[in-house]
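All of the numbers you see were taken from the coordinates with simple rules; none came from a lab. The shown structure was predicted, so the numbers you read here are calculated from the model rather than taken from an experiment.
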Amino acid sequence: EHLKLQTSKAYFTSDTHFSQERTLKFSNRPFRNLWQMDLQLYSNWNKHITMEDIVYHAGDLGDISQLKKILSNLNFKTLYWVLGNYDRAEKAKIEEVIEKSKRDIKIFDSYASFYDIVHQVKYFVTHEPYHTKDTTMRTPKLKDGEVVLYGHIHGRNFAKKNGFEIGVDYHNY
């Protein structure tokens, strides 16, 4: 069963990669250093999101060894976190930090879905924008009126049939 909510109460993002040096370099992010990148990402997030808002994050949130600090710096009431390719190997550590944080955070292995009651559209939030050979990681085949929101590709393909990239690289961090 999918969640029912109004999109005006929810925000969508992906591939923040807080405190991850490799992303700063490999994605050619326009920051001098990791500190500057994290500061801009925190600022942009908290400028728009309050402690009463819902956030869907489509994976690769950040350096898991820094997760406690990262979560303490972010506004949200509820975080629906679809694990990204960097997150999946660290799932046990992520769950441990989340449990200790006492914040409302739900983890999804492949996708989260919800129904926008205002616009009557079903959305799937996933990390990779394509079907994989691994059947456990697949999003359902989309029907008319369904949309996939994805990350993973760091600004290389904003739109595809029935889908949009929500990664920070495309959306000005």
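Details
- 5 angstrom amide H check on Phe12, placed H, neighbours 5+ away: Tyr56
- Remark: C-alpha extents of region 28-99 on the principal axes read 32, 30, 19 Å, sorted largest to smallest.
- Mean separation of Cα contacts under 8 Å (6+ apart) over length of region 63-107, as relative contact order %: 56 percent
- Under 5 Å from the amide H of Val148 lie the amide H atoms of Phe124, Gly163, Phe164, each residue being 5 or more positions distant or on a separate chain, with H modelled from the backbone and absent for Pro and chain starts.
- Amide H contacts under 5 Å for Tyr86: Asp60, restricted to partners 5 or more places along the chain or on a different chain, H placed in the peptide plane at 1.01 Å from N.
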